[in-house]
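The values are calculated or read from the model by the stated rules, or taken from the named source; none is laboratory data. Computed from a predicted model, the values in this text were never measured in an experiment. Counting neighbours? That spans all protein chains shown, and the Cβs are built from the backbone with ideal geometry, glycine included.
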Amino acid sequence: MRITRHRYTVKPEYVAQNRQNLDEFIAALTAAAVPGLSYRIFLEEDGQTFLHLVTSQDDPSAVITGLTSFKKFQSELLASGPVAKPDQVGMSLIATSGESFR
């Protein structure tokens with residue numbers, strides 16, 4: 001299983017646009033129906049920091065980066081001058097109490 005965490009902080013005035021872009025991206029990703037892929041997006045308490053948690057059986061990057069809505073999301077995010085630029089961290093699941101990752 002592959003698990004990746006992406007995290008970034010946007011300017012307050014860009015939060016609504018980022019959420020709209022993410023809604024479009026998730027709709028397209030859902031329509032793509034990639035087996036074994038889960039893409040969750042969280043908004044932290046500060047209201048500006050977004051955390052993406054991606055779990056998959058295989059490398060989903062080709063599917064994700066091939067979506068027009070992802071390209072729009074990514075280019076507009078970078079053009080907005082984020083407070084903290086996106087970072088990416090690979091992770092390993094070592095324990096769970098729920099069914100979310102099984």
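Can you name the helices (runs of 4 or more DSSP H) wholly within the chain that have at least 1 residues being modelled with pLDDT under 95 and exposed (fewer than 11 other Cβ atoms within 10 Å of the Cβ)?
Numbers: elements: 15-32, 61-66, 68-79.
Fully inside the chain and qualifying: 61-66.
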Any residue in the stretch 37-50 that is without any contact (Cβ under 8 Å) to a residue 40 or more places away in the chain and among the basic types (Lys, Arg)? yes
